[in-house]
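Inspection log for the structure reproduced underneath, given as structure tokens.
The values are calculated or read from the model by the stated rules, or taken from the named source; none is laboratory data. Source: prediction; values computed, not measured. A quick note on method: Cβ atoms are made from the backbone with ideal geometry, for glycine too, and the neighbour counts reach across all protein chains shown. To get the accessible areas, we keep the full protein, side chains included, count just its heavy atoms, and leave off ligands, DNA and RNA. Shrake-Rupley method; radii C 1.70, N 1.55, O 1.52, S 1.80 Å.
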Amino acid sequence: MAYNVGILGATGAVGQEIIRLLHEREFPIKELKLLASARSAGKPQSFGDKTWTIEEATNESFDGLDLCIFSAGGDQSLKFAHEAAKRGCVVVDNSSAFRMDPTVPLVVPEINPEAVDSHKGILANPNCSTAISLMGLYPLHKAFGLKSFIASTYQAVSGSGAWGIVELEQQAKAWANGEAIKKDVYPHQIAFNLIPHVDKFLEDGYTKEEMKMLNEGRKIMGLKDLRVTCTCVRVPVFRAHSISISAEFEKPVTVEAARQAIKDFEGTELVDNPAKAEYPMPLDYSEVVPCGVGRIRKDCVFENGLALWVTGDQLWKGAALNAIQIAEVLHQRGRLS
Ligand code: A2P
């Protein structure tokens, strides 16, 4: 079985990784359609020895597609997802537009693959920091029962799309050349700085991004009473997010059992040898499939608590890879046709 597959937002930072990973993971594709805005229509896009022509997305673009991975932002998802589903195209959406819709499965395939079975044409891919954090937290939840956690994120500029990456590069070059630093994507200089502000502020002082960790974490792990507090920070790193977590569990914990749980979980690897200065870092987890977990220790605040550090590729596990893994589960479970 092979499918007609579309990518909405094919020219973006995530879209480019989707093209690459669909090929590298040998997803069964009959025809691939690359969609973006009118600005990109007609431009060539190559991967390996193949070249496609980018098309402007319209309602009719989704006719004949079995699957389309959306990564063009929430407005485009709201505009096109229901229209695509109506035309028989299953949508895996990277934006936050549908994540908390109770009729839309929100999926991390290593955690809740069975959720795909209930889809009604649209499935949601989680927030990048949430997906990467849960790759470290979920195996520990299975072992000890997760009650609450405190997270601080260290989020790469790739999370702001292709222009976030360009801005960090240009500011770093301008700084090195002694030139004036221009700001466009972020309200402050990101090169050689930290910005404790990701997404829009809400009335209670949290940002929308920070609340995704709570709301999406609850939905994906099926833990309606989970308590979470989170501070999201943009850092001058190109493409891998890291998260520092202190978590509280129902049952007594040991570091040994926690390390074993991480080792046994598909999609994570343990990098935890402080004596040799070994822990996961963004440069080591860029263009890498698993997320890295390390710095596991008993937490000094919580009774049954563990502190840990998780790193994963924002463009892969945080976006393109997880979306393709959802498509793979749909294919394996016969839910794409
Ligand atoms: P385009 O390159 O034509 O603007 P990123 O988040 O990396 O900036 O990528 C955003 C993606 O969403 C790009 O592929 C962009 O296409 C696409 N996009 C933005 N606006 C629209 C639109 N109105 N219709 C379709 N695609 C869009």
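Remarks
- Flag for L270 being without any contact (Cβ under 8 Å) to a residue 40 or more places away in the chain and surrounded by 19 or more Cβ atoms within 10 Å (Cβ to Cβ): yes
- Listed by position, the strands (runs of 3 or more DSSP E) enclosed by segment 1-84 that each have at least 3 residues that are away from the ligand (no atom under 12 Å from the Cβ) are 3-8, 29-36, 44-47, 50-53.
- In segment 120-129, the count of residues that are open to solvent by 10 Å² or more (accessible area, probe 1.4 Å) and assigned to a helix (DSSP H, G or I) is one or more.
- Residue within segment 18-40 that is of a type in the set (A, V, I, L, M), touching an Asp or Glu at 6+ places or on another chain (Cβ under 6 Å) and open to solvent by 50 Å² or more (accessible area, probe 1.4 Å) present: yes
- Being open to solvent by less than 40 Å² (accessible area, probe 1.4 Å), in contact (Cβ under 8 Å) with a residue 24 or more places away in the chain and over 30 Å from A172 (Cα atoms) holds for only one residue in D264, D313, D299, and it is D299.
- All of (1) open to solvent by 50 Å² or more (accessible area, probe 1.4 Å); (2) within 24 Å of N112 (Cα to Cα) hold for Q189 with one exception: (2).
- Criterion violated by I165 - all others in (1) among the aliphatic types (A, V, I, L, M); (2) in the same structural domain as I326 (by TED's automatic domain parsing); (3) open to solvent by 10 Å² or more (accessible area, probe 1.4 Å) satisfied: (2)
- Selection within segment 168-182: residues that are exposed (fewer than 15 other Cβ atoms within 10 Å of the Cβ) and more than 25 Å from the chain's Cα centre (by Cα). The member of this set that is farthest from the ligand (Cβ to nearest atom) is G178.
- Filter result for Q325 (closer than 24 Å to V14 by Cα and open to solvent by 10 Å² or more (accessible area, probe 1.4 Å)): yes
- Qualifying residue in segment 249-257 (condition: assigned by TED's automatic domain parsing to the domain that holds S148, under 24 Å from the mean Cα position of the chain (by Cα) and in contact (Cβ under 8 Å) with a residue 12 or more places away in the chain): no
- Scanning segment 122-156 for residues that are in contact with a strand residue (DSSP E or B) (Cβ under 7 Å, 6 or more places away or on another chain) and either under 29 Å from F80 (Cα atoms) or without any contact (Cβ under 8 Å) to a residue 24 or more places away in the chain (or both) yields I122, L123, A124, N125, P126, C128, S129, I132, Q155, A156.
- Restricting attention to segment 239-272, the residues that are among the hydroxyl-bearing types (S, T, Y), more than 13 Å from R297 (Cβ to Cβ) and touching a Phe, Trp or Tyr at 6+ places or on another chain (Cβ under 6 Å) total 1.
- The set of residues in segment 194-214 being under 23 Å from the mean Cα position of the chain (by Cα) and open to solvent by 60 Å² or more (accessible area, probe 1.4 Å) consists of L194, P196, H197, K200, F201, L202, Y206, K208.
- Of the residues examined, A97 is not one that is assigned to a loop (DSSP other than H, G, I, E, B), near the ligand (Cβ under 10 Å from one of its atoms) and not assigned by TED's automatic domain parsing to the domain that holds L223.
- Screening V198 on (1) touching a residue at least 40 places away in the same chain (Cβ under 8 Å); (2) more than 16 Å from the ligand (Cβ to nearest atom); (3) in a loop (DSSP other than H, G, I, E, B); (4) among the β-branched types (V, I, T) shows it passes everything except condition (2).
- Any pair with Cβ under 6 angstrom, 6 or more apart, that starts in segment 29-58 at a residue that is closer than 12 Å to A72 by Cβ and of a type in the set (K, R) and ends at one that is open to solvent by 50 Å² or more (accessible area, probe 1.4 Å) and within 7 Å of the ligand (Cβ to nearest atom): none
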